[in-house]
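**Q** The following block contains the structure, expressed as structure tokens.
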Amino acid sequence: MAGPAHAYRVDPNGEVVLGLVTSGAMSVRRGRRRFVFSSGEACIWDSTDAHAGVPQGCVAWGARVIVIEAPAVEDHLRDLDLVSTGFTFPEPHLADPMLVDQLAALHRCSADPRTPRLAMQSLLNEHLTAVLCAVGAAPAAGQTMSRARARRDPALRRGCDYLLAHLADNISLDEIAAAAGAPRFRVLRLFRAAFGAPPHRFQLAHRIVLARRLLESGRTASNVALATGFVDQAHLHRCFVRTLGITPGRYARAFRRGLQERTRPS
């Protein structure tokens, strides 16, 4: 959800609420405690107590909110070998700039209909794990894994094989985890350790490689976008430029010119 807010009240219902104040400020009462969040600050609320907010020094505040329903929260906790009582946040302020930036990126992705399911799930899982690690609820999340060890892991190989076999499909992190035979949290750790990137970045990199090959074969950009899992030609264009610094059309023309020069009689 996004937009101006004049007041709200949330009762304990098993959900977790991630909030980002985009303008103004809000004052939140939770039990006997009061919290103030200003523009650019983020918060996370568990379901242990009711909380209610009103504007602080303004008529309304701007906010972006993601509500994570109880079953999804419980799934994530099981991934981390935690029980539901472990998902509590006595201090709802997300003071760490990295966590705030991570949450802002999550909100941006949630607002973009072109965001793949894999990217949204990966970002959400990584953010919740980082928050739990920051409050000391998930010590295992901070353990490191060597690149060599990750690349030898059969679960990584199975996950990569599934992802590459369904490169043009809008697959989910759940599907990759099922194919890998490992929890989602472990899949994320394996991809990060082995490739320095989460599964959705690995997916995008291989989609771009495939798109290049198809453009080189003479297929149109619109046809390539459909064959490589991009929502439309504009989505391919944006990702191609961001990755390679050149549009798909210019890339195809440059490849054809280079091919002609290589085959021209001397």
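**Q** Go through A95, A182, A148 for me and flag whichever is more than 23 Å from E41 (Cβ to Cβ) and surrounded by fewer than 13 Cβ atoms within 10 Å (Cβ to Cβ).
**A** After ruling out the rest, the residue left standing is A148.
**Q** Could you identify the single residue in R253, R189, R219 that is over 29 Å from R158 (Cα atoms) and surrounded by 14 or more Cβ atoms within 10 Å (Cβ to Cβ)?
**A** From the options R253, R189, R219, the qualifying one is R219.
**Q** Among the residues of segment 90-135, how many are more than 10 Å from the chain's Cα centre (by Cα), assigned to a helix (DSSP H, G or I) and touching a residue at least 12 places away in the same chain (Cβ under 8 Å)?
**A** Final tally of qualifying residues: 11.
**Q** Just one of (1) under 20 Å from P116 (Cα atoms); (2) assigned to a helix (DSSP H, G or I) trips up A168, so point out which.
**A** (2)
Only the coordinates and a few stated rules stand behind these numbers; no lab work does. This one's a predicted model, so the numbers in the text were calculated from it and none came from an experiment. Counting neighbours? That spans all protein chains shown, and the Cβs are built from the backbone with ideal geometry, glycine included.
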